[in-house]
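This report refers to the structure that appears directly beneath it.
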Ligand SMILES: C[S@@+](CC[C@H](N)C(=O)[O-])C[C@H]1O[C@@H](n2cnc3c(N)ncnc32)[C@H](O)[C@@H]1O
C-alpha cells in the first residue's frame with residue numbers, strides 16, 4: 001500500500017480520532033481561505049510553507065494557534081485557517097475516479113441507515129469518498145474495486161483523513177463484484193458502479209434479512225433496469241430519490257438563490273432484503289398489487305399511466321346546449337396549445353403525450369406520486 005500523503009506531498013498523519021478541539025499541531029490538515037474565498041489544503045510541518053500569490057505563509061505561524069486564526073503571507077495577503085470538514089476534504093482531495101458529492105453522501109447515510117459497527121460492502125470504491133463517509137459514521141467496510149490504482153488512491157485518501165488505525169475496519173479487495181460476494185450476513189451494501197442490477201442476485205445471499213442495498217446511478221434508464229431486477233428478487237420496499245441542493249447568495253439586501261448550482265449528479269435507490277420475498281410474488285400487499293400488474297404486462301407503459309378500462313358508450317340523448325365559454329385566448333397561447341395537442345413536441349418524446357384533462361388526476365388515482373415517494377415523502381428528504 002502506498003504511503004498516504006497530503007495535498008502538498010508531505011506525510012499526512014492527522015487522525016479524526018485526534019482531539020480536534022486543541023490548537024493546530026504538526027501533522028494537522030489545515031484549510032486556508034483567502035480574501036476571495038479560494039481554499040487551499042495544507043498539512044502542517046515545522047518550517048513548512050504555503051506558497052501563495054501574495055508570498056509564502058509559514059506553517060510555524062499556525063502551529064499552536066486556534067482554528068479561525070488569520071495569518072499573513074510575507075507580502076501582506078491574509079488567510080483564515082480552519083480544519084477542513086469531511087465534505088471540504090472530499091471536494092479537494094486527489095481523485096482517481098469521480099467521487100460522489102457531499103450532497104448525496106449525507107442522504108446515502110440516511111437511506112442506508114448506517115450505524116456504528118454496521119457491516120458494509122461497498123463496490124466500487126473509486127477515490128474513497130464514500131468509504132471515508134461510511135467509516136467516519138462508524139461502519140466496518142469491505143470494498144470491492146476493479147482497478148488497483150483506484151484501490152490505492154482510496155486507501156490513501158481514507159488513511160490521510162481518518163488515520164492508519166482505521167485500517168482495522170477497512171479492507172479493499174481487487175475484484176469484480178459482478179462475479180460474486182464472499183461476505184455473508186452483511187448489514188448494508190452500497191454500489192457505485194455502472195450495472196448494479198448484476199449485483200442484485202449476489203445481494204440476496206450476502207445481505208442478512210432486513211439488510212439494505214443502496215445504489216447511486218447517474219441516469220434514469222439505469223435506475224429503471226435496477227428497479228426491474230429488484231422487483232424480480234428478494235429485495236423489496238424499493239425507493240428512488242434525487243437530491244437537489246440550491247445555495248443562496250446572502251449579502252445585505254441582496255438575498256436570492258445563487259446563479260449556479262450542481263444541476264444533476266445521480267439518483268439514489270434503496271431496497272431491503274425481505275424474508276417473505278424470493279423473487280416471486282412479494283409478501284407486502286401493496287407490493288403484491290404492483291407485482292401482479294407488472295406480470296399482467298399492463299403497467300407501467302412508457303408514460304407511467306396505467307391503462308384505463310374503456311370508457312362506456314354515452315347514452316344517446318339530446319344534443320348538449322353550448323355553454324357560454326371563456327374569453328378566447330391570445331393567438332400565441334392558442335398556438336402553443338395546439339402544438340402540445342399535436343404531440344409533436346418534446347413532451348411526446350418523453351412519453352407524456354398530448355395534454356389531457358384527466359392526466360394529473362389519473363396520476364393521483366394510480367398512486368404513482370405516492371408510491372414513488374414524490375408525494376408520500378418515502379425517503380423523508
Ligand atoms: C464512480 S467510481 C466510484 C467512486 C466512489 N464511490 C467515490 O465516492 O469515490 C466507480 C468505481 O467502480 C469501479 N467498478 C466498476 N465496475 C466494477 C465492478 N464490477 N466491480 C468492482 N468495482 C467496479 C470502477 O473501477 C470505479 O473505481
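Rule-based calculations on the coordinates, nothing more; no lab input. Note that the coordinates shown come from a computational prediction; the quantities given were computed from them, not determined experimentally. Here the Cβ positions follow ideal geometry from the backbone for every residue, glycine too, while neighbour counts run over all protein chains shown.
The table that follows gives values for the structure above.
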{"quantity": "Of every Cα-Cα pair in the stretch 78-126, the percent that sits beyond 13 Å", "calculated": "70 percent"}
{"quantity": "Cα-projected label distance for residue 20 with residue 37, points at 7 Å along beta-carbon direction, nm", "calculated": "2.1 nm"}
{"quantity": "Order of 264, 59, 259 under a 10 Å beta carbon neighbour criterion, fewest first", "calculated": "259, 264, 59"}
{"quantity": "Quarter of Cα convex hull surface for the stretch 122-280, i.e. mean projection, nm²", "calculated": "11.5 nm²"}
{"quantity": "Residue order, fewest to most beta carbons within 10 Å, for 174, 235", "calculated": "174, 235"}
{"quantity": "Length added when fully stretched, residue 72-residue 115, from 0.36 nm per residue minus Cα-Cα", "calculated": "11.3 nm"}
{"quantity": "Calculated FRET efficiency for the pair residue 174/residue 254, C-beta based, R₀ 56 Å, to 0.05", "calculated": "0.60"}
{"quantity": "Cα gyration tensor shape for the stretch 53-187, rounded if a/c is under 1.5, else prolate or oblate", "calculated": "prolate"}
{"quantity": "Centroid-to-centroid separation of the stretch 72-123 and the stretch 197-236 [C-alpha atoms, Å]", "calculated": "26 Å"}
{"quantity": "Exposure proxy ranking, count of Cβ atoms within 10 Å, fewest first, for 88, 228", "calculated": "228, 88"}
